[in-house]
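As structure tokens, the structure follows; a few thoughts come after it.
Bear in mind these aren't lab numbers, they're just calculated from the coordinates by the rules spelled out. Remember, it's a predicted structure, so these values are computed and weren't measured experimentally. Note: ideal-geometry Cβ built from the backbone for every residue, glycine included; neighbour counts use all protein chains shown.
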Amino acid sequence: MTDHLPIVCWSCRGPTPAGLFCATCQALLPPESGMDGFRLFGVEPAFDLDPAHLESRHRVLQKQLHPDFFAHRGATERRLSLEWTTRLNESWQTLTDPVARAVLLLAHLGWKAPERPVPDLEFLEEVMTLREALEEVDPLAADALPRLAAMKSAARDRLQNEVRQLSEAFGVHRSAPDELQLIWISRLVDRLRYHRRYLEELDRLEDRAFDPET
Amino acid sequence: MDVLLEIMEPGQSLLPHQTGPMTRKRVVGIDLGTTYSLVAAIGVDGKPLCIPDDTDVCAVPSVVHYGVGSVVLVGQSARERALSHPEATIVSVKRFMGRGLEELRAHLTTIPHGLEAGEGGMVRILAGEASVSPVEVSAEILKVLKKRAEEALGGSLHGAVITVPAYFDDAQRQATKDAARVAGLEVLRLLNEPTAAALAYGLDKGSEGLYAIYDLGGGTFDVSLLKLEKGMFQVMATGGDSALGGDDLDQWIVQRLMTETGTHQPGPGWIQAGRRLAREIKERLTDETMVTFPLPGVDGAARGSLTRAEFEVGIRDLVWRTIPICRRVLKDAGVASGELQGVVLVGGSTRVPLVRRMVAEFFGREPLVDLDPDQVVALGAAHQAEVLAGNEPAEMLLLDVTPLSLGIETMGDLVEKIVPRNSPIPTARAQDFTTFKDGQTAMAIHVVQGERELASQCRSLARFELRGIPSMTAGAARIRVAYQVDADGLLTVSAREETMGVEQSITVKPSYGLTDDEIASMLQEALQHGAEDLRVRLFNEAKVDAERVLAAASAALHEDGDLLNSEEMERVKRAMHTVWEATQGNSADALNDRVQKMDVATRFFAQRRMDRSLQRAMTGRKVDDFA
């Protein structure tokens, strides 16, 4: 949102710097095409982001852009508000989710997923062990709830550990990571994604242990 | 100097219509409930109030009676006929909204009406001589509320916020919106009931933190977890069961009455009488530990009895069904119950002592019951209506979520989720698909909603076919299916083939409800003033836009008026004046025409403003330096 050349306001037809509202007539402007979450939230592309900053920026933007404020305005502004908040919600979800944030950041760094990825053998072994543990759980057994709670706690630790590794990797290779470094990072993302699905799987088992009807 | 020149002086109000006090738009909040419906508006002291009838009663029983000679009764008078004319009197119509025939037959075992398949997969209810859709029945209730509000507020309504259970799916929401249109009501927003309750509660108590809203109504259950912080209400997660409520508790008593009286095939009259008695017994058991009552359909002084303990054993499983849902909502929000600031009870069924006990036990705290659980939803809706109409600034911003995942059917009846549940709305998601056969030129798209893995177990919202895909080898086409959910929680789906630069786009509004034509024809039948309403609406829309154009032009003159000589200035102002004159009339066409003419007449001005701004940019000076 720091372009120097003015754009044409759709409402007063005059020049205005790009941004949320026209500098002259205060009409809501369309979102710039290609603006990603980092830019919308006014942060440098990075993996470690300040949650308090994101939250306050989210609040400030919602309070300017939400459809509730445009319900009594014309059709164009209603549509633009919908477009803006759709993007805002998407960006908010992306930036507050480690996997989505890492994927966005990888794209920023020019990473393209290879057609035939090199398998992560070490991790495959871990996956096998984890799967076996999962299959051994009987959600209808008497001790299922405490057992699942323990497994969830361990799974959450693994998840945290992966996030930490990812944060370090992105921190070290901040400026211009080479191909190998990018492969390494994308593997960490895949691991994180797996651990999260695993946790969801445990959640489902826990739901069933709590209430067999689900 | 003419009038306009005078009022254009910098620092003064820009246009005549902005100089006077702004006219308040007449808007209301409506709680269209399973058992009762209410309408509320902001009173003179700025606080929302429910609007009562002339006997000072706010709640309108959601009962519609279809009499002979197309006489329609709504509310208390209809309820009085439920016993004498059971087949012709429809209660709890909300349970039919947006539902198909098969589904209803499976769920509703004892109803005194025949059902038949209607248009668009919708059901029709046979009520006496009439065959009516749930949308039409709901519209009758809305018409009564609308009339009551218009009499109380002294004029026609600009619009309404109508509440729906948070767990209502797209078809049920669409049906509710259709009902409002049939009743001639402009829907400012469909608002989720727990969110409306939280709004009323939050504004009343002014407290911040995490709240769970447990809303057990006549026919629906919702639980929402909200974060209230710095003027923002954020729904973190929501869950529920749109077919679970007080009616089900009554139903248990009805079954017991059937057993006790040896009734196997209850007739319509017995069903209505049994249901009414059941509700009465349930309500009395809130304060009493045992009640006795005359048995329906049994002659003489035969009396039955029911203790609260027996009742609680009987309904335990039903009430328990809400608990895993509460648990999942906490989990989805990533919140432990100890972190909650409070648990707020909404809906008449939360008066049942067992409900309160189970909620207290699960959340580990006594729930808050200091607001009237029957009125709080309508009050919150009335408040939000004021904000949406622009009558008052929003003290509190509401951020809501989708209650159920939205997906698409893929091969083998599987569902691919596109928008996961609890996504903040508005939201948009897209997914790419491809063809699986060589030369395939069409693709069937089936939109579903729900958490189940099989499409056949989810709610089917829409089916359509994307045609005109260029003939290619299997897997070469790229079909992008995009889902958009708006601030009402309503879904629009579009699909398009992208590889060959050929654009094929189709937009579907999933609707168990009605087509626009069907609504238009109903409007004609039901409302003599339907056409007039439409004309007023179109004009108001044009006026909002024209006022924006005038305000924008005034701002431009204020900023760059020095670019015009006096003759040009006069020309621009004359064009503005003709637009302003048309805003005082009543023709949308005339107004739009003048706005277009003004656009042409002021184009040179816009061009000069652009040129100057570019010159400034080129000479490297910031626009701000000139301000």
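Structural size metrics of region A:73-150, computed from C-alpha coordinates, are Rg and Dmax of 21.7, 60 Å.
Which of the peptides B:487-494, A:44-51 is most tightly packed, and how do the rest follow, going by the mean number of other Cβ atoms within 10 Å of each residue?
Numbers: B:487-494: 21.0, A:44-51: 13.4.
For the peptides B:487-494, A:44-51, the packing ranking is B:487-494, A:44-51.
Here the translational diffusion coefficient of region B:61-190 follows from Stokes-Einstein with Rh set to the Kirkwood radius across Cα pairs; for 10 °C and 1.306 mPa s it amounts to 104 µm²/s.
On the principal axes of its alpha-carbon atoms, chain B has extents of 97, 68, 58 Å, going from largest to smallest. Peptide B:547-559 has a mean of 5 when you count, residue by residue, the C-beta atoms of other protein chains within 10 Å of its C-beta.
Ordering B:VAL135, A:ALA144, B:LEU345 by the projection of their Cα atoms onto the charge dipole of the protein assembly as shown, which places +1 on the Cβ of Lys and Arg and -1 on the Cβ of Asp and Glu, puts B:VAL135 at the extreme positive end. Beta bridges per DSSP, both residues in chain B: antiparallel share near 80 percent.
Only lysines eight or more places from B:LYS94 in sequence, or on another chain, were considered; those with a Cα closer than 26 Å are B:LYS143, B:LYS146, B:LYS147, B:LYS177, B:LYS282, B:LYS509. Every Cα-Cα pair of chain A was included, and the share exceeding 29 Å stands at 46 percent.
Lacking any other cysteine beta-carbon closer than 4.7 Å, the following Cys residues of chain B have no compatible partner: B:CYS326, B:CYS458. Per-residue ellipticity at 222 nm, computed for chain B from helices alone with -39500 (n - 2.57) per DSSP H run of at least four residues, works out to -12000 deg cm²/dmol. Summary value for chain B: 13 percent relative contact order, contacts being C-alpha pairs under 8 angstrom separated by 6+ residues.
Estimated from helices alone, the mean residue ellipticity of chain A at 222 nm is -20000 deg cm²/dmol (sum of -39500 (n - 2.57) over DSSP H runs with n ≥ 4, per residue). In chain B, the longest principal axis of the Cα atoms and the axis of helix B:566-583 are about 20 degrees apart.
Look at the alpha carbon pairs under 8 Å that are at least 6 residues apart: their mean separation over the length of region A:17-138 gives a relative contact order of 24 percent.
Peptide B:485-492 shows a mean partner chain C-beta count of 2 within 10 Å per residue C-beta. Check cross-link reach from B:LYS597 to the lysines: straight Cα distance under 17 Å, and skip same-chain residues fewer than eight apart. Cross-link targets: B:LYS543, B:LYS573.
Taking only the Cα atoms of region A:107-210, the ratio Rg/Rh comes out at 1.08, with Rh defined as the Kirkwood radius. The base-10 log of I(q)/I(0) for region B:531-626, evaluated at q = 0.10, 0.12, 0.19 Å⁻¹, reads -0.34, -0.47, -0.88 [Debye formula, identical scatterers on Cα atoms, solvent excluded]. Built from the Cα atoms of the protein assembly as shown, the convex hull projects on average onto 41.4 nm², one quarter of its surface area.
For A:72-82, what's the mean count of beta carbons from other chains sitting within 10 Å of each residue's beta carbon? If you can, show how the numbers build up before the last one.
Working: counts 11, 5, 9, 3, 2, 3, 3, 0, 0, 2, 6.
The shielding value for this peptide is 4.
When +1 charges are put on Lys and Arg Cβ atoms and -1 charges on Asp and Glu Cβ atoms, the dipole computed for the protein assembly as shown relative to its Cα centre reaches about 560 debye. Extension gain, B:LYS147 to B:VAL536, is 138.2 nm, computed as 0.36 nm per intervening residue step minus the present C-alpha separation.
Give, in whole angstrom and from largest to smallest, the semi-axes √(5λ) of the equivalent ellipsoid of region B:246-320, with λ running over the eigenvalues of the Cα gyration tensor.
Values: eigenvalues 77, 42, 21 Å².
The equivalent ellipsoid of region B:246-320 has semi-axes of 20, 14, 10 Å.
To the nearest 20 debye, what is the magnitude of the charge dipole of region A:103-155 about its Cα centre, counting +1 on the Cβ of each Lys and Arg and -1 on the Cβ of each Asp and Glu? Roughly 340 debye, rounded to the nearest 20. Against the empirical curve 2.2 N^0.38 Å, the C-alpha radius of gyration of region A:7-96 lands at a ratio of 1.12.
Separation of region B:330-384 from region A:30-81 is 32 Å, based on Cα centroids.
State, as an integer percentage, the relative contact order of region A:1-66 based on alpha-carbon contacts under 8 Å between residues 6 or more apart. Kindly include the intermediate steps, with their values, before the conclusion.
Values: 52 pairs, mean separation 11.5, N = 66.
That works out to 17 percent.
Among beta bridges from DSSP that stay inside the protein assembly as shown, the antiparallel ones total about 80%. Per residue, the convex hull spanned by the Cα atoms of region B:406-516 amounts to 103 cubic angstrom.
Peptides B:72-79, B:474-481, A:12-19 ranked from most to least packed give A:12-19, B:72-79, B:474-481, packing being the mean of other C-beta atoms within 10 angstrom over each peptide's residues. In terms of other Cβ atoms within 10 Å, A:TRP111, A:TRP92 run from fewest to most in the order A:TRP111, A:TRP92. In region A:120-175, inverting the average of 1/r over every pair of distinct C-alpha atoms gives 13.4 Å as the Kirkwood radius.
Evaluated with a Cβ-only charge set (Lys, Arg +1; Asp, Glu -1), region A:107-210 carries a dipole of roughly 420 debye about its Cα centre, given to the nearest 20.
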